[in-house]
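Okay, so here's the structure we're looking at.
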Amino acid sequence: MRVINIYHSHYGHSVTEATQMAEIAGKHFDIGQRVPEVSGKAFDLLTWYMNWLALREDREANPVLPSILKVEAVDTFEATIPWNQLTQAAVLFEKDGEPLGQNGPIRLYVPDGSSKCLNVKSIVTIRIECEASGAAEAEQEASYGFKHTFSRDDMFKK
């Protein structure tokens, strides 16, 4: 099973798996409740986050709310989503009673964000960024696409 790296701007790096995330989230539901054309078992992203935060021994008494979620897939696709667009975000972790195979370990659906129904499959990295001011967040829209990753040497190959 693939691991999922979580990077939090205040709490650093941790590693988890889809089943651990689902356990922390607690309640699961049929993803079709939020994304009608999709089937499988999911959990609410914000519920997972609040439960994950509550389990941290190093958490602050009054933590700063996140402003941005950035997810990265195994194929270098990435999405950056303002936190205020994640109210209906769901994480698909199981289909037909089995962990996600080709599209796993998890898949994020954001049915009500600025990008009609943003979804990212094969997520292996989650980055949670907190800023003291949410002013910039209110004006942002989700962005997504493939990372352009190439070396300096690749640029000069003929």
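The values are calculated or read from the model by the stated rules, or taken from the named source; none is laboratory data. Being a predicted model, the structure only gives us computed values, none of them experimental. When we count neighbours, we look across all protein chains shown, and the Cβ atoms used for this are built from the backbone with ideal geometry, even at glycine. Please note that ligands, DNA and RNA were not included when accessible areas were found on the heavy atoms of the full protein model with its side chains. Shrake-Rupley method; radii C 1.70, N 1.55, O 1.52, S 1.80 Å.
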Pairs needed: first member in the stretch 53-65, within 20 Å of Glu23 (Cβ to Cβ); second member anywhere, open to solvent by 100 Å² or more (accessible area, probe 1.4 Å); C-beta distance under 7 Å; at least 6 residues apart or different chains. Leu53/Arg59
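Go through the stretch 1-27 and report how many residues are outside any helix (DSSP H, G or I) and either aromatic (Phe, Trp, Tyr) or open to solvent by 70 Å² or more (accessible area, probe 1.4 Å) (or both). Talk me through it step by step, then tell me what you get.
First, the residues of the stretch 1-27 that are outside any helix (DSSP H, G or I): 1-17, 26-27.
From what's left, either aromatic (Phe, Trp, Tyr) or open to solvent by 70 Å² or more (accessible area, probe 1.4 Å) (or both): 1-2, 7, 10-11, 13, 15, 27.
Adding up the residues that qualify gives 8.
Pick from the stretch 28-45 the residues that are part of a helix (DSSP H, G or I) and crowded, with 19+ Cβ neighbours inside 10 Å: which of them is nearest to the chain's Cα centre (by Cα)? Explain how you work it out, then say what you get.
Residues of the stretch 28-45 that are part of a helix (DSSP H, G or I), as a first pass: 31-33, 45.
Filter once more, keeping what is crowded, with 19+ Cβ neighbours inside 10 Å: 31, 45.
On the way: Ile31: 15, Leu45: 7 Å.
Looking at residues that are part of a helix (DSSP H, G or I) and crowded, with 19+ Cβ neighbours inside 10 Å, I get Leu45.
Take the stretch 16-43 and flag every residue that is among the acidic types (Asp, Glu) and over 15 Å from Pro99 (Cβ atoms). Outline the logic, then answer.
Taking the stretch 16-43 and keeping what is among the acidic types (Asp, Glu), we get 17, 23, 30, 37.
Matches in the stretch 16-43: Asp30, Glu37.
Per-residue answers, yes or no, for (1) surrounded by 13 or more Cβ atoms within 10 Å (Cβ to Cβ); (2) aromatic (Phe, Trp, Tyr); (3) assigned to a helix (DSSP H, G or I):
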residue	(1), (2), (3)
Tyr49	yes, yes, yes
Leu53	yes, no, yes
Ala61	no, no, no
Glu94	yes, no, no
Gly101	no, no, no
Lys121	yes, no, no
Thr125	yes, no, no
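Let's see how each residue does on (1) among the charged types (D, E, K, R); (2) touching a helix residue (DSSP H, G or I) at 6+ places or on another chain (Cβ under 8 Å); (3) on the phi > 0 side of the Ramachandran plot:
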| site | (1), (2), (3) |
| --- | --- |
| Gly12 | no, no, yes |
| Ala42 | no, yes, no |
| Asp58 | yes, no, no |
| Asn62 | no, no, no |
| Ala73 | no, no, no |
| Glu78 | yes, no, no |
Counting only residues that are in contact with a Ser or Thr (Cβ under 7 Å, 6 or more places away or on another chain) and modelled with pLDDT under 70, the stretch 106-135 contains a total of 1
